[in-house]
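Structure first, then comments.
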Amino acid sequence: MPTISIFFGTIIRMYFSPAEHPPQHFHVYYNDFKASVDIRTCEIIKGNLPRKQVKLVLG
């Protein structure tokens with residue numbers, strides 16, 4: 001999965017695959033936290049992140 005961005009210890013990764021399950025999303029990693037974020041709505045659809053990282057990624 002290619003890395004799109006790295007900032008303040010937060011890693012954003014995304015890849016495209018026709019077999020990938022909907023909705024379209026990207027993955028966020030921070031220390032031991034992982035989350036999937038819906039691209040269209042910018043909502044966390046799976047996992048969790050500390051509040052500060054949510055603001056950095058989605059804010």
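Bear in mind that the values in this text are calculations on the coordinates, not laboratory data. From a predicted model like this one, the values you see are computed outputs, not experimental measurements. Positions of Cβ are backbone-derived with ideal geometry, glycine not excepted, and every protein chain shown enters the neighbour counts.
Numbers for the structure displayed
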read-out: Test result for G59, exposed (fewer than 14 other Cβ atoms within 10 Å of the Cβ) and touching a Phe, Trp or Tyr at 6+ places or on another chain (Cβ under 7 Å); value: no
read-out: Enumeration of residues in region 8-44 that are surrounded by 10 or more Cβ atoms within 10 Å (Cβ to Cβ) and among the hydrophobic types (A, V, I, L, M, F, W, C); value: I11, I12, M14, F26, V28, F33, A35, V37, I39, C42, I44
read-out: Members of region 34-59 found to be out of contact with any strand residue (DSSP E or B) (no Cβ under 8 Å at 6 or more places or on another chain) and of a type outside the set (G, A, S), listed by number; value: R40, T41, C42, R51, K52, K55
read-out: Enumerated strands (runs of 3 or more DSSP E) restricted to the chain, each holding at least 2 residues that are over 10 Å from the mean Cα position of the chain (by Cα) and of a type outside the set (V, I, T); value: 3-7
read-out: Selection within region 1-43 - of a type in the set (V, I, T), out of contact with any Leu (no Cβ under 8 Å at 6 or more places or on another chain) and closer than 18 Å to G59 by Cβ; value: I4, I6, I11, I12, I39, T41
